[in-house]
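Chemist: Handing you this structure, nothing more for now.
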Amino acid sequence: MPKQKTHSGAKKRFKITGTGKLMRRHGMKSHILEKKSPKRKRRLGRPAILDAHDAPRVKKLLRTRSK
């Protein structure tokens, strides 16, 4: 049988925490930054936890990394 491959797009975008939750990055941080407040830009720079509803789909893409 061929080996299962990790989805290369997902492995660049998500990290699994020690407790099994998924970390993601915020959007809206790449351009049009002048009108955004410094507080908002700082908040967008921090990672976020992926919603529990979306986690099973992403974990399926990362199945070979979640050991």
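Chemist: Contact list please: Cβ distance under 9 Å, first residue in segment 23-35 and closer than 20 Å to Lys11 by Cβ, second residue open to solvent by 60 Å² or more (accessible area, probe 1.4 Å) and not in a loop (DSSP other than H, G, I, E, B), pairs at least six apart or on different chains.
Modeler: Met23/Lys15; Met23/Ile16; Met23/Ile49; Arg24/Arg13; Arg24/Lys15; Arg24/Ile49; Arg25/Arg13; His26/Arg43
Chemist: How many residues does segment 31-48 hold that are in contact with a Lys or Arg (Cβ under 7 Å, 6 or more places away or on another chain) and open to solvent by 90 Å² or more (accessible area, probe 1.4 Å)?
Modeler: Residues meeting the conditions: 0.
Chemist: Here's another thing I want to ask about it. If I ask for residues that are open to solvent by less than 100 Å² (accessible area, probe 1.4 Å) and farther than 16 Å from Arg63 by Cβ, which ones from segment 1-29 would you list?
Modeler: Within segment 1-29, Thr17, Gly18, Met23, Arg24, His26, Gly27, Lys29 qualify.
Chemist: Within segment 49-65, how many residues turn out to be closer than 13 Å to Lys15 by Cα, open to solvent by less than 80 Å² (accessible area, probe 1.4 Å), modelled with pLDDT of 95 or more and not in a helix (DSSP H, G or I)?
Modeler: 1
Table: residues versus (1) on the phi < 0 side of the Ramachandran plot; (2) assigned to a helix (DSSP H, G or I).
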| position | (1), (2) |
| --- | --- |
| Gly9 | yes, yes |
| Met28 | no, no |
| Lys35 | yes, no |
| Arg42 | yes, yes |
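The values are calculated or read from the model by the stated rules, or taken from the named source; none is laboratory data. Owing to the predicted nature of the structure, the values given are computational and were not obtained by experimental measurement. Cβ atoms come from the backbone with ideal geometry, glycine included; neighbour counts cover every protein chain shown. Just the protein is used for accessible areas: all its heavy atoms, side chains included, with ligands, DNA and RNA removed. Shrake-Rupley method; radii C 1.70, N 1.55, O 1.52, S 1.80 Å.
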